[in-house]
Amino acid sequence: MTETVATGGLFRRPSTARRMARTATAVASSGVLVGMGAATTAPAVAAEAIDCTLGNTVDSSTGTVADIQALLNVDTAIVCLTGTFILAAPLTFNHDLEIFGLPAAQLDGVNLTQILTGTSGASLELKNLSLVRGAGTAGGAVNVDGDLVVENSQFVDNAADEDGGAIFVGGSGGVEVIGSVFSDNATGPEVDGVGGYSGGAIFISDTSTGYFEDSTFSGNTASEAGGAVFSYAALTSQSTFSGNSAPVGGGLYNALGIYEESTFAENSADEGGASRSLFYAATFGSTFVENSAELFGGAIATGFPEGGPEGSGAVISLNSTFVDNTAGEVGGAVLAEYGQIGLSTFLNNEARTDSPDEHSEAIYVVGSDEAMEIGGNIFAGSRANAQLGGSSDSAFGDLGGNVFSTPASTEVALGSPASSDLFSHSVEILFGASAALADNGGPTQTVALVGTSPAINAVPADVFTVLASALEGDLAAAAELAPAAGGLVAASDSPDVDQRNETRAGLADAGAYEYGEPDPELAATGADTVAMGWLAGLTTLLLGAGAALMLGARRRSRSPR
């Protein structure tokens with residue numbers, strides 16, 4: 001496991017992560033803004049089966065890998081494949097390329113070779129393909145330095161000697177993944193005196209973006225950061241990350257992460273079991289269950305190792321659910337410097353610190369000039385420990401309408417609770433005798449309230465007003481890092497639906513689940529319009545304002561420890 005170092009306080013980071021953070025801080029403080037690669041720039045054509053002809057199709061029953069390479073050598077824009085091809089060397093190309101899979105199309109590196117290698121900034125689109133058992137130095141299956149689009153494809157059992165177990169994207173290329181599966185891919189192991197490697201499934205260098213929609217990442221591993229994905233910015237939509245692991249960021253490692261209607265389950269790390277972000281992690285309508293961190297942030301951890309640029313270390317949560325996440329020290333579900341948590345459910349998360357002063361089953365806040373605002377949430381657990389905790393220089397801003405299983409006297413970190421907060425309501429009183437995640441409608445699982453729950457109608461109307469403009473302060477702070485975002489404000493819509501996209505009528509219920517009869521028409525849309533409004537604002541900031549730091553600076557310039 002990656003070496004950890006003492007930093008004189010709560011944060012103990014792998015030394016390579018410290019180098020990355022220092023590089024990021026230096027770039028940010030220099031005022032250098034780096035343009036981000038487009039995450040959705042595809043080749044000029046979008047192939048379909050009708051585009052496959054005798055001239056550009058290779059069938060494994062009659063053709064060979066050499067026939068595929070021959071098409072690439074003459075810059076064929078669309079190459080169609082059917083059947084399984086066993087490779088002895090990588091397929092190489094230096095032009096914008098789309099590979100389209102006809103039935104049972106598979107490229108197999110048999111654990112001997114990388115599968116696809118692109119150069120000269122060429123973009124690549126892969127559709128309806130399986131890439132398995134690739135073995136390369138950087139990128140077990142694919143290495144490109146242009147934009148990459150993956151659709152309806154599978155990457156299984158690929159391994160890299162260094163970064164990017166399945167895919168390595170260099171240059172300024174961004175990545176878009178839709179309807180695809182990444183399973184059991186791995187980076188190279190940690191090397192004494194050098195460090196580990198990142199991006200168990202995908203490594204995106206420079207300051208580019210990864211967008212992941214309706215996709216699954218499971219069982220991927222990295223020896224340093226990002227068990228599934230390492231990137232500058234990551235946006236997930238209706239995707240699942242499960243059973244991934246790395247010392248830092250079991251599921252994802254990034255500077256800025258937005259997770260919309262996605263599920264994170266059983267990911268593990270030393271810090272940030274599901275996600276580790278330097279600047280922002282924002283979750284809308286997502287569920288985090290049974291993620292674990294040996295140190296802190298069982299589900300999510302944000303912030304820099306030894307302090308960072310102003311505006312870093314935020315967690316924003318709306319209509320999200322955190323269940324059975326654990327941290328070995330603090331922040332059973334979340335560790336952050338500031339942010340806002342609204343209308344979210346925290347159930348049976350655990351922080352296993354031995355220090356009573358640091359109990360923080362749900363959230364631990366590290367000192368910051370900004371407060372962690374909370375409003376309309378449920379913080380509940382079967383243990384008696386405090387749900388909220390923080391360092392001596394941290395602060396919570398209580399917006400009201402929060403419901404706790406603990407007594408007010410236990411929640412010392414909260415300071416003076418809002419008059420609308422409720423305390424000492426057990427898990428059974430809130431959720432019934434069999435409180436558990438379930439499919440209650442909508443794209444992600446939730447924990448249902450019982451009809452007698454005190455969480456029903458517990459959120460005052462004025463809390464909605466505050467939550468509606470929640471991101472304005474956060475975006476303003478970020479604008480100091482990305483000046484072009486100075487005029488950006490958050491969406492003005494109020495959070496009037498729950499995690500399942502059910503309408504919140506009248507006074508809202510605390511937590512992510514609104515009790516009452518479901519609205520089939522609204523629930524069937526699968527789109528949280530309010531969350532999407534917030535998401536649009538933050539996405540504009542992240543993708544349109546430019547980058548204020550360079551995670552990709554780590555490259556190969558690893559220095560001995």
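For this structure, a couple of remarks:
- Some residue of the range 462-471 being of a type in the set (Ser, Thr, Tyr) and modelled with pLDDT of 95 or more: no
Table: residues versus (1) touching a residue at least 40 places away in the same chain (Cβ under 8 Å); (2) under 24 Å from Glu514 (Cβ atoms).
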| position | (1), (2) |
| --- | --- |
| Ser231 | yes, no |
| Phe241 | no, no |
| Gly250 | yes, no |
| Glu271 | yes, no |
| Leu278 | yes, no |
| Thr287 | yes, yes |
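- Out of Thr287, Thr240, sole residue that is surrounded by fewer than 24 Cβ atoms within 10 Å (Cβ to Cβ), within 24 Å of Gly331 (Cα to Cα) and either out of contact with any Leu (no Cβ under 8 Å at 6 or more places or on another chain) or among the hydroxyl-bearing types (Ser, Thr, Tyr) (or both): Thr240
- Here Gly170 qualifies as touching a helix residue (DSSP H, G or I) at 6+ places or on another chain (Cβ under 9 Å) and of a type outside the set (S, T, N, Q).
- Residues in the range 203-237 that are polar (S, T, N, Q), surrounded by 24 or more Cβ atoms within 10 Å (Cβ to Cβ) and under 11 Å from Gly250 (Cβ atoms): Asn220 only.
Every residue, every condition in (1) under 17 Å from Asp145 (Cα atoms); (2) among the acidic types (Asp, Glu); (3) surrounded by 22 or more Cβ atoms within 10 Å (Cβ to Cβ), yes or no:
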site	(1), (2), (3)
Ser60	no, no, no
Thr84	no, no, no
Glu98	yes, yes, yes
Pro103	no, no, no
Gln114	yes, no, yes
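- Any hit, the range 414-424, residues being on the phi > 0 side of the Ramachandran plot and modelled with pLDDT under 95: yes
- Strands (runs of 3 or more DSSP E) completely within the range 220-318 that count 2 or more residues being under 20 Å from Tyr338 (Cβ atoms): 252-260, 275-284, 292-296, 300-302, 314-318
- So Ala351, is it free of Cβ contacts under 8 Å to residues at least 60 places away in the same chain, within 20 Å of Val459 (Cβ to Cβ) and not basic (Lys, Arg): no
- Listing of strands (runs of 3 or more DSSP E) fully contained in the range 88-171 that carry 3 or more residues being within 22 Å of Gly227 (Cα to Cα): 130-132, 142-144, 148-151, 154-156, 167-169
The values are calculated or read from the model by the stated rules, or taken from the named source; none is laboratory data. Being a predicted model, the structure only gives us computed values, none of them experimental. We place every Cβ from the backbone using ideal geometry, glycine too, and count neighbours over all the protein chains shown.
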